[in-house]
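Undergrad: Shown below is the structure under consideration.
We did not get these values from a lab; they are worked out from the coordinates using the rules stated. None of these values were measured; they are calculated from a predicted model. Methodologically, a virtual Cβ is constructed for each residue, glycine included, from the backbone with ideal geometry; neighbour enumeration extends over all protein chains shown.
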Amino acid sequence: MYIYVVSFESIEKRLLFAVAKNIKETFGLEVRVSWVASPFKYAYDPQRKQYIAEKVVEYLSTLNYPGLVKIMALLSSDMYAQDAPFVFGFASKREAVVSTFRLSNPDERLFFERVFKEVNQKIGHTFGLKDCSNEECVMNVSLSIDAKSKHFCHQCKKELETALSQLTF
Ligand SMILES: [Zn+2]
């Protein structure tokens, strides 16, 4: 069983592999990294120069790879959702996407940490976790990205472990 990390755009290789390592450490699942030739113009709004989160996820739902349990796409362009002028990420049951556009920072360590947090939170959603009020928790949405942890609180970790133990393929 694998979590696939896919890239469509000019995402740095180092970031992709760092994200893969972070996912493996956080979720305990093997990770595969894959490049997909940028195929989905219909998910891009050229006027706003942003991807449309719902359509990206819809596209991802058409992809299938051996042993795939979750798929996480990384985009370097900005992204919006139906109810938000921009979003860092978006998730459904199997698919998740993170845009690095608004997370970037000259301090690469900080930039990568932000991406890890967003990735962990969105994959958390794919496992059924909800927003969490614990300030030590990556599922917290009221704290700024830099203020919150990249880890799950005790309660979310328990729910995550239950979801992971029920994974079947
Ligand atoms: Zn939590």
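Undergrad: Note down the relative contact order for the chain as a percent, whole number, built from C-alpha pairs under 8 angstrom at least six residues apart.
TA: 19
Undergrad: When you take every Cα atom in the stretch 83-141, what is the radius of gyration, and what is Dmax, the widest Cα pair distance, in Å?
TA: Spelled out, the Cα radius of gyration and Dmax of the stretch 83-141 are 11.8, 33 Å.
Undergrad: Now for a different question. For labels at SER142 and PHE101 in the simple 7 Å Cα→Cβ model, what's the distance in nm?
TA: Placing both labels 7 Å beyond Cα along the Cβ direction yields 2.9 nm.
Undergrad: Follow-up. Determine the gain in length on full extension of the stretch LEU29-PHE17; use 0.36 nm per residue of separation and subtract their C-alpha separation, reporting nm with one decimal.
TA: That pair, LEU29 and PHE17, stretches by 2.9 nm at full extension.
Undergrad: Points 7 angstrom from Cα along the Cβ direction at GLN166 and SER133: gap in nanometres?
TA: 2.4
Undergrad: Next question, about the same structure. Once phi is turned into ³J(HN,Hα) by the Karplus curve 6.51 cos²θ - 1.76 cosθ + 1.60 with θ = phi - 60°, what whole-Hz value does each residue of the stretch 16-28 show in order, with x for glycine and proline?
TA: Values, residue by residue: 4, 6, 5, 5, 4, 5, 4, 5, 4, 5, 7, 10, x Hz.
Undergrad: When a/c reaches 1.5 or more, the comparison of a/b and b/c decides; with that in mind, is the chain rounded, prolate or oblate per its Cα gyration tensor?
TA: Taking the square roots of the gyration eigenvalues as a ≥ b ≥ c, the chain is rounded.
Undergrad: Let's test the formula: R0 of 25 Å, r as the Cβ-Cβ distance of ASP83 and LYS41. What FRET efficiency results, to the nearest 0.05?
TA: Calculated value: 0.60.
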